[in-house]
Amino acid sequence: MASNITFSGLSTGLDTASIIEKLMYVERAPERRMQQTQSNYKSQLSILQNVNSRLQALQTKARALDTPGEFSSYTASSSEEEAVTATATGDANPGKYSVEVTQLAQAARNYSTSFASKTEAGLAGAGTLEITVGTNDPVSVDITAEDTLETVVSKINGSGAKVTAGLIYTGSSYRLQVSGKETGAGSTLSFSEGGTLALELHEPSSVYQEARNAAFKVDGYGMTSATNDASDAIPGVTLKLHAGTTGAAEVEVSADPAQMKTKVNDFVAAYNSVVSIISGEFAFTGEAKGAGHLTGDSTLRTLQQQLGSSVSSAVSGLGASASALSEIGVKTNRDGTLTVDAAKLDEALSKDAAGVAGLFAGTSTQSVDGVADRIDHLVDRFINSTTGILTARTTGINRTIADLEDGIASYEDRMARYEDSLIMKFTNLEVTVSSLSSQSSYISQQAANWK
């Protein structure tokens, strides 16, 4: 800004400050146009960023439906939940199974010989304790004569071996317990004691519990599992074994249409969120929208049209009871948004849940893209971080905003210099007029003296 000192109108009687202000206003017209243009671009950028954010949310919902396993939902129940429970994923199939649990998986557990104290040093001897879990490499634990049972426990727990160590008190003595962290027959424990160690963990008598697999039957077929969570016996179902069954538990897997319906509604809500903001830009409200809006924008128009085509076009090659969203109760409104007919969707899910899943997810065996796949691919073409159409638009607008910012800053420097020059000129005018006024007074005084 100007730094010259001026004495406005002291000699001329002119309101030089007001004159400079008005001259500056006229001269700043191009700057104001740049500022308005920048503001318009910022408004457009905000709209595009909002669209981009909603497209990301839509893509997330679409990707949650783009495989039959992700779309489908199943529940599993057990007639003996105290012995076995079950959970099902979308990859399950409806059915009933007889499950008989005869043995639970367990981890190995060994106990040392007894010791009179847990805090007296040297009772366990000194040397190297090697711990081997299954087929893993042995882990060495160095024990010195200064170690107590408590410090031996700490060293074992800090060794990195897949075991946990602890102490029990029998009422008259202490014993060191070492337990495997993992269940299953492949997680056996073996020990080697060097030097003068006297833990005797390597002795057969130290074995309290051997590592073993769970044993159970499904419809009479014998099976084993290294853990008590058996996820391979029934595809898409995890059996959680808690205890032996008294006879056989009946596990039933059934479709969960309520969850699938929720997924459809969530997808529709995300879709409508995108379509609504685009329609809002194109809608005529009785007044012309300013340049800060994207009325008639070709990119948004293309996006709107392609979104509509993706959800309205039939999915061919499914061989299911429905090939279009409209057939399961998802209809397109005049403004492009979708509406779900709850009763019709319930009927479709009850009649052919797998077919509805295929409508969204397509089929991998026949390379058919479902509606969710279409939306995912379409959205990626617009918001991909490197090749997206909207990404390119926002990058271009950001560059323009930055260029305008530079232009405004440059113009502001020019205006500061211009204002300085105006102040200087009017200051000089005041000085000149003041000088002339003084001369005039002097001449008038001299003329009066001559009379």
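The values are calculated or read from the model by the stated rules, or taken from the named source; none is laboratory data. Predicted model only: the values in this text are computed from it and were never measured. No Cβ is skipped: glycine too gets one built from the backbone with ideal geometry, and neighbour counts run over all protein chains shown.
Before moving on, here are some points about what is shown:
- Set Leu378, Leu349, Leu359: member being modelled with pLDDT of 95 or more and either assigned to a helix (DSSP H, G or I) or within 15 Å of Ser313 (Cβ to Cβ) (or both): Leu378
Every residue, every condition in (1) out of contact with any Gly (no Cβ under 8 Å at 6 or more places or on another chain); (2) buried (at least 16 other Cβ atoms within 10 Å of the Cβ); (3) over 30 Å from Asn265 (Cβ atoms), yes or no:
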position: Val26; (1), (2), (3): yes, no, yes
position: Leu45; (1), (2), (3): yes, yes, yes
position: Asp66; (1), (2), (3): no, yes, no
position: Tyr74; (1), (2), (3): no, yes, no
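- Scanning region 211-228 for residues that are loosely packed, with under 15 Cβ neighbours inside 10 Å and touching an Asp or Glu at 6+ places or on another chain (Cβ under 9 Å) yields a single hit, Gly220.
- For region 202-223, a tally of residues being of a type in the set (S, T, N, Q) and free of Cβ contacts under 8 Å to residues at least 24 places away in the same chain returns 1.
- Qualifying positions in region 120-143 - more than 16 Å from Leu201 (Cα to Cα) and touching a helix residue (DSSP H, G or I) at 6+ places or on another chain (Cβ under 9 Å): Glu120, Ala121
- Failed condition for Ser172, given (1) surrounded by 13 or more Cβ atoms within 10 Å (Cβ to Cβ); (2) in a loop (DSSP other than H, G, I, E, B): (1)
The rows are residues; the columns are (1) among the aliphatic types (A, V, I, L, M); (2) out of contact with any Gly (no Cβ under 7 Å at 6 or more places or on another chain); (3) assigned to a loop (DSSP other than H, G, I, E, B).
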{"residue": "Asp137", "(1), (2), (3)": "no, yes, yes"}
{"residue": "Ser140", "(1), (2), (3)": "no, yes, no"}
{"residue": "Ala145", "(1), (2), (3)": "yes, no, yes"}
{"residue": "Glu150", "(1), (2), (3)": "no, yes, no"}
{"residue": "Val153", "(1), (2), (3)": "yes, no, no"}
{"residue": "Gly184", "(1), (2), (3)": "no, yes, yes"}
{"residue": "Ser192", "(1), (2), (3)": "no, yes, no"}
{"residue": "Leu201", "(1), (2), (3)": "yes, yes, yes"}
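- Region 80-92, subset part of a loop (DSSP other than H, G, I, E, B) and among the small types (Gly, Ala, Ser), residue modelled with the highest pLDDT: Ala83
- All positions within region 178-228 that are of a type outside the set (Asp, Glu) and in contact with a helix residue (DSSP H, G or I) (Cβ under 9 Å, 6 or more places away or on another chain): Val178, Phe191, Leu199
- Among the conditions (1) surrounded by 15 or more Cβ atoms within 10 Å (Cβ to Cβ); (2) of a type in the set (Asp, Glu); (3) out of contact with any Gly (no Cβ under 8 Å at 6 or more places or on another chain), the only one that Glu120 does not satisfy is (1).
- In region 132-169, the residues that are more than 25 Å from Thr183 (Cα to Cα) and surrounded by 13 or more Cβ atoms within 10 Å (Cβ to Cβ): Asp142, Ile143, Thr144, Ala145, Asp147, Thr148, Leu149, Glu150, Thr151
- The selection criterion, being touching a residue at least 60 places away in the same chain (Cβ under 8 Å), assigned by TED's automatic domain parsing to the domain that holds Gln305 and farther than 23 Å from Phe267 by Cα, does not hold for Thr386.
- Residue match in region 93-113 (condition: more than 18 Å from Ser206 (Cβ to Cβ), within 40 Å of the chain's Cα centre (by Cα), in a loop (DSSP other than H, G, I, E, B) and of a type in the set (Val, Ile, Thr)): no
- Residue among Ser98, Ser79, Ser117, Ser53 that alone is free of Cβ contacts under 8 Å to residues at least 60 places away in the same chain and outside the structural domain of Ile389 (by TED's automatic domain parsing): Ser117
- Residue count for region 141-163, restricted to those that are among the acidic types (Asp, Glu) and farther than 17 Å from Gly127 by Cβ: 1.
- Screening the candidates Thr151, Thr164 for the property of being within 27 Å of Ala105 (Cα to Cα) and either of a type outside the set (Asp, Glu) or at pLDDT 95 or above (or both) yields one hit, Thr164.
- A search for C-beta distances below 6 Å between a residue of region 21-49 that is in a helix (DSSP H, G or I) and any residue that is among the acidic types (Asp, Glu), counting only pairs 6+ apart in sequence or on different chains, returns Met24/Glu419.
- Residue that is nearest to Arg212 (Cα to Cα) [pool: residues in region 126-149 that are out of contact with any strand residue (DSSP E or B) (no Cβ under 7 Å at 6 or more places or on another chain) and in contact (Cβ under 8 Å) with a residue 24 or more places away in the chain]: Gly134
- Residue list for region 64-79, restricted to those being modelled with pLDDT under 95, of a type outside the set (A, V, I, L, M) and not in a helix (DSSP H, G or I): Asp66, Thr67, Ser72, Ser73, Tyr74, Thr75
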